[in-house]
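**Q** Sharing a structure here in structure tokens format.
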Amino acid sequence: MKRSGTVLVTLLLLIAMALPVLSACEKAPVTTAPGGTPTAASEWTIKANQEATMGLDFSSEQDFADAQRGFIATLPDGVIKNDDGSTAFSTADFDFEKQEEAPSTVNPILWRQARLNLYNGLFKVTDRIYQIRSFDLSNMTIVEGDSKIIVIDPMSTPATARAGLDLYYQQRGQKPVAAVIYTHSHLDHFGGVKGVISEEDVANGVQVIASEGFFDYAISENVMAGTAMSRRAQYMYGMYLPRNDRAMVDEGLGKAEPIGPATIIAPTKEIKTTGETLTIDGVEMVFQIVSGTEAPTEMTIYFPQFRAFDSAEIACPLVHNLLTLRGAQVRDANKWANCINEAIELYGDKTDVLFAQHNWPRWGKEQIITFLEQQRDLYKYTHDQTLRLLNEGYTPVEIAETIKLPESLASQWYCRNYYGTLKHNVEAVYQKYLGFYDGNPANLDPLPPVEASKKYVDYMGGPEAVIAMAKKDFDKGEYRWVVQVMNNVVFAYPDNQEARDLEAAAMEQLGYQAESGPWRNSYLVGASELRSGLGQQPDAIRTGADMIKGMTMPMCFDIMGILLNGPKAEGKHIVINWDLTDTGEKYVLNLQNSALTYTSGKLSDKADVTLTLKRATLNSVLIGATTFQKEYAAKNITIDGSTVKLLELMGMMDSFSPSFNIVTP
Ligand SMILES: [Zn+2]
């Protein structure tokens with residue numbers, strides 16, 4: 001029986017291991033880049049970056065005035081520490097961006113946004129509304145009630161949220177928190193909640209408010225494909241890149257990700273419909289449900305007393321993602337545009353200030369309406385023109401290559417591609433309606449990358465011939481093509497360092513030219529891994545204890561199903577009862593036809609083995625607060641039946657690691 005204990009703990013640990021922390025933010029320690037030496041900007045990159053600025057008004061100071069407006073104070077040294085003494089965030093890391101002129105290695109449009117995201121600390125938005133900005137990827141908003149405060153979106157980590165709240169208290173006086181509101185289910189909007197309130201505060205009456213379905217989405221949105229998302233997020237966020245003008249400079253949506261564990265406290269009240277109102281400590285709020293746009297569950301908040309509108313994350317001064325590069329389910333651009341239009345109708349003529357969960361606010365009724373109209377039309381145009389072109393027979397790559405925003409939008413700083421891009425958003429719209437297949441049977445069943453690359457390179461006369469030609473194109477600044485063709489050489493001959501270095505050099509120039517922070521990061525991480533491999537991968541930081549406790553048993557079973565190696569399970573039939581005595585939950589887990597399914601609400605009398613334990617015990621084991629062996633010895637877990645079957649199931653589970661190859665086979 002002792003052996004089966006080890007088996008189960010391993011199984012449970014596998015579940016925990018399959019769950020990297022993910023959402024808008026991914027957590028991992030920043031280390032030095034895996035290696036390689038960044039080069040200077042080429043003459044082509046310098047030229048491209050100059051041309052990129054055409055039609056844009058660099059003399060306009062409005063955004064800089066708005067980003068600094070109402071500044072009260074910031075941290076003296078800019079460093080925010082976690083409880084264990086490690087650095088969660090350092091505003092000082094980005095001091096190199098104080099220089100106004102863009103370095104030749106950064107797109108000037110992205111550089112301008114990076115400099116706007118540089119203003120950090122406590123800001124007054126309007127009477128009784130304050131924001132903490134650039135202590136995190138996201139903002140924290142503090143609304144002053146009659147005698148208490150309401151915190152909207154406590155950022156990504158307890159450390160950054162706590163530092164923000166302390167700064168507010170120093171400047172505005174200590175007041176208890178009456179309520180925390182989450183605008184949506186992405187981690188950078190709730191992960192820091194325990195830096196602001198505790199479970200005990202909630203038991204004592206502090207309210208936690210979110211839109212319907214918040215808790216399940218917050219936990220589940222990134223569980224199924226979590227490990228792959230985590231690896232891809234390393235590219236998108238560039239968290240292992242150094243911070244300098246040849247590496248990571250900004251995320252566009254905000255300065256950078258803090259590093260630390262995420263927390264969550266479940267809502268005590270859910271908002272279900274647009275128009276619902278709530279008054280907390282004398283502050284009146286009207287909610288608009290915008291779920292299924294930027295996040296699966298999301299709401300905006302209007303404050304009639306202050307003529308202020310919190311647009312959550314549906315209207316930030318940038319092109320947002322219809323599909324994030326780290327990977328997620330595609331978002332609905334049409335619905336997004338409709339929700340912004342509804343906000344204009346509901347609040348446009350009674351709003352003097354608009355603020356959001358990222359970047360800086362905007363003041364003045366006319367400016368706000370124009371901003372919202374242009375944000376609306378940005379998503380509507382992207383949606384409709386993609387559908388027009390796909391209905392005319394164009395494929396995703398062709399649409400991305402030809403589509404341009406109308407001048408009225410493209411000339412606006414707040415419609416630029418700092419985070420999402422028009423190019424990848426049109427591919428997202430295509431994917432939403434038509435999926436992966438472009439309709440050309442030549443692309444229906446292609447050879448996989450390695451096999452196809454060997455053929456291509458062979459047909460082209462071998463790697464030396466391809467490299468020689470690609471070098472000429474590199475010298476002409478044709479970096480997109482060089483990356484494309486050298487990718488074939490690298491996949492055919494991964495040990496050819498000359499090919500890898502040439503592809504890296506081309507990716508690097510594309511990174512220097514990118515208007516989008518995530519595009520820049522992706523190219524620069526790709527370049528680094530081509531030059532020197534993955535290097536020492538930091539240990540992935542796993543899902544925080546709060547998130548594991550929040551997982552339902554069906555989520556745990558789904559993860560076990562994903563870990564199951566189908567071919568190894570060929571011909572096996574195993575049935576396991578799960579009897580959770582504290583929650584009263586009962587499940588039958590069934591392995592059959594290499595697929596793991598479950599039935600809830602009963603136990604099977606034909607089960608091979610029955611596990612009886614408390615959900616609370618399972619949580620403690622999953623988060624590492626105790627061990628299975630201890631709980632088993634203390635008789636908090638019982639196992640009845642065939643340990644052999646349990647061992648067998650255990651032997652069929654894969655383990656995931658977010659360190660698989662991307663730019664090499
Ligand atoms: Zn966000």
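The values are calculated or read from the model by the stated rules, or taken from the named source; none is laboratory data. Note that the structure is a prediction, hence the values are computed from the model and not measured. Glycine gets a Cβ as well: all are built from the backbone with ideal geometry, and neighbour counts include every protein chain shown. Please note that ligands, DNA and RNA were not included when accessible areas were found on the heavy atoms of the full protein model with its side chains. Shrake-Rupley method; radii C 1.70, N 1.55, O 1.52, S 1.80 Å.
**Q** With region 90-148 as the region, which strands (runs of 3 or more DSSP E) entirely inside it contain at least 1 residues that are in contact with a Lys or Arg (Cβ under 7 Å, 6 or more places away or on another chain) and aromatic (Phe, Trp, Tyr)?
**A** 121-126, 129-133
**Q** If you go through region 406-421 one residue at a time, how many are under 12 Å from Trp519 (Cβ atoms) and not aromatic (Phe, Trp, Tyr)?
**A** Residues in region 406-421 being under 12 Å from Trp519 (Cβ atoms) and not aromatic (Phe, Trp, Tyr): 3 in total.
**Q** Please work out which residue is nearest to the ligand (Cβ to nearest atom), limiting yourself to region 243-258 and to residues that are buried (at least 24 other Cβ atoms within 10 Å of the Cβ) and not small (Gly, Ala, Ser).
**A** Leu253
**Q** Tell me the residue from Ser411, Ser453 that is touching a Phe, Trp or Tyr at 6+ places or on another chain (Cβ under 8 Å), modelled with pLDDT of 95 or more, among the polar types (S, T, N, Q) and open to solvent by less than 60 Å² (accessible area, probe 1.4 Å), please.
**A** Ser453
**Q** Within region 131-142, is there a residue that is open to solvent by 10 Å² or more (accessible area, probe 1.4 Å), polar (S, T, N, Q), over 21 Å from Ile271 (Cα atoms) and within 16 Å of the ligand (Cβ to nearest atom)?
**A** yes
**Q** May I ask you to list the residues in region 330-361 that are touching a residue at least 60 places away in the same chain (Cβ under 8 Å) and under 28 Å from Gly226 (Cβ atoms)?
**A** Once the filter is applied, which keeps residues that are touching a residue at least 60 places away in the same chain (Cβ under 8 Å) and under 28 Å from Gly226 (Cβ atoms), region 330-361 yields Val330, Arg331, Asp332, Ala333, Ala356, Gln357, His358, Asn359.
**Q** Which one of these does Met239 not meet: (1) in contact with a Gly (Cβ under 7 Å, 6 or more places away or on another chain); (2) part of a loop (DSSP other than H, G, I, E, B)?
**A** Every condition holds for Met239 apart from (1).
**Q** Select, from Arg246, Arg231, the only residue that is touching a residue at least 12 places away in the same chain (Cβ under 8 Å), under 30 Å from Met507 (Cβ atoms) and assigned to a helix (DSSP H, G or I).
**A** On inspection, the qualifying residue turns out to be Arg231.
**Q** Within region 178-223, restricting attention to residues that are within 16 Å of the ligand (Cβ to nearest atom) and part of a helix (DSSP H, G or I), which residue is surrounded by the fewest Cβ atoms within 10 Å (Cβ to Cβ)?
**A** Among residues in region 178-223 that are within 16 Å of the ligand (Cβ to nearest atom) and part of a helix (DSSP H, G or I), the one surrounded by the fewest Cβ atoms within 10 Å (Cβ to Cβ) is Tyr217.
**Q** Scan region 549-560 and give yes if some residue there is modelled with pLDDT under 85 and under 29 Å from Asn636 (Cβ atoms), otherwise no.
**A** Within region 549-560, one or more residues are modelled with pLDDT under 85 and under 29 Å from Asn636 (Cβ atoms).
**Q** Restricting to region 300-358, what's the tally of residues that are within 16 Å of the ligand (Cβ to nearest atom), open to solvent by 20 Å² or more (accessible area, probe 1.4 Å) and within 21 Å of Leu409 (Cβ to Cβ)?
**A** Result for region 300-358: 2.
**Q** If I filter region 359-410 down to residues being outside any helix (DSSP H, G or I) and of a type in the set (A, V, I, L, M), which single residue comes out as farthest from the ligand (Cβ to nearest atom)?
**A** Ranking the candidates gives Ile403 first.
**Q** Can you name every residue in region 96-111 that is in contact (Cβ under 8 Å) with a residue 12 or more places away in the chain and open to solvent by 10 Å² or more (accessible area, probe 1.4 Å)?
**A** Of everything in region 96-111, those that are in contact (Cβ under 8 Å) with a residue 12 or more places away in the chain and open to solvent by 10 Å² or more (accessible area, probe 1.4 Å) turn out to be Phe96, Lys98, Glu100, Ala102, Pro103, Ser104, Pro108.
**Q** Looking only at helices (runs of 4 or more DSSP H) that lie completely in region 579-665, which have at least 1 residues being more than 21 Å from Lys549 (Cα to Cα) and open to solvent by less than 20 Å² (accessible area, probe 1.4 Å)?
**A** Where helices (runs of 4 or more DSSP H) fall fully within region 579-665 and carry at least 1 residues being more than 21 Å from Lys549 (Cα to Cα) and open to solvent by less than 20 Å² (accessible area, probe 1.4 Å), they are 643-651.
**Q** Restricting the search to region 474-501, which residues are part of a helix (DSSP H, G or I), more than 15 Å from Val457 (Cα to Cα) and open to solvent by less than 30 Å² (accessible area, probe 1.4 Å)?
**A** If the condition is that a residue be part of a helix (DSSP H, G or I), more than 15 Å from Val457 (Cα to Cα) and open to solvent by less than 30 Å² (accessible area, probe 1.4 Å), then Tyr479 is the only one that fits.
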